[in-house]
Amino acid sequence: MKKLITVLTTICLSACSTFGIRSAEEPRYQVLNDAEPFQIRHYPSLVVAQTEVNADYKNASGLAFQRLAGYIFGNNKKQQSITMTAPVIQQQQAERLSMTAPVMQQKSGAVWVMTFVLPQGYTISTAPEPLDSAVLIQEIPDKKVATIRYTGSLSEQGIEEKSAELTDWLVQQHYKALSPPRSAAYDPPWTLPFLRRNEVHIDIE
């Protein structure tokens, strides 16, 4: 089964070719402010498949992707295949710790969350139910998102550097951040690094 998922994933992601030609569906959004490489966008509500893994970035990426790829390639109660979209979203999970006063929030160290956006038209009620209990179907409400776009190989260090750049820009532009940074990857690993489209997203007020 794992080998089959790997083969199907390769075929599916080949829509985003080595030469930077992308045909995978992307969530529609409205650009509110364009200051390349930064943008402020408005995204509509989205239905997503999501999973979390307690591991380092590299291992979490592989396991989380395998789970979600399994779901869209038929590991669901309808045995239904779902077209893969872009980007693949990943972020380090923040853990809420109840304190006497105040309520604190901090990163939980090694828990990574990966998200696949389901194609337009799916709802919570029409999305196939996952057979893997570690995969959850959720609806994300509409929101404003600040982004920074960059090329190159995807890495934890690169995500951290671009997250810092985006955070600094938000402060300079007097935007209020509402979420931790998250990575958005639009291309498979074999895409030539200088043709890759990578982004970091932060929800804003």
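The values are calculated or read from the model by the stated rules, or taken from the named source; none is laboratory data. Quick caveat, the model's predicted, so the values are computed rather than measured. Don't worry about glycine lacking a Cβ; one is built from the backbone with ideal geometry, like all the others, and counts go over all protein chains shown.
Note on the stretch 70-79: residues that are surrounded by fewer than 19 Cβ atoms within 10 Å (Cβ to Cβ) and either part of a strand (DSSP E or B) or out of contact with any helix residue (DSSP H, G or I) (no Cβ under 9 Å at 6 or more places or on another chain) (or both) amount to 3.
Looking only at the stretch 155-168, residues that are in contact (Cβ under 8 Å) with a residue 40 or more places away in the chain and either crowded, with 19+ Cβ neighbours inside 10 Å or outside the structural domain of P189 (by TED's automatic domain parsing) (or both) come to 2 in all. In the stretch 131-147, the residues that are under 19 Å from A64 (Cα atoms) form Cβ pairs under 9 Å with partners that are of a type in the set (D, E, K, R), at six or more places apart or across chains, as follows: L131/K77; D132/R67; A134/E52; A134/R67; V135/R67; L136/E52; I137/E129.
May I ask you to verify whether L97 is modelled with pLDDT under 95 and closer than 30 Å to Y175 by Cα?
In short, yes.
Only a single criterion out of (1) outside the structural domain of P87 (by TED's automatic domain parsing); (2) within 30 Å of K78 (Cα to Cα) is not satisfied by G121, namely (1).
Working only within the stretch 35-69, note down all residues that are part of a loop (DSSP other than H, G, I, E, B) and under 15 Å from the mean Cα position of the chain (by Cα). The answer is S45, and nothing else.
Restricting the stretch 144-176 to residues that are among the small types (G, A, S) and more than 15 Å from Q92 (Cβ to Cβ), the residue that is modelled with the lowest pLDDT is S153. Taking residues in the stretch 46-70 that are within 26 Å of Q80 (Cβ to Cβ), and partners anywhere that are among the aromatic types (F, W, Y), the pairs with Cβ atoms closer than 6 Å and at least 6 places apart or on different chains are V47/Y122; A49/Y71; A49/F116; V53/W112; L68/F116.
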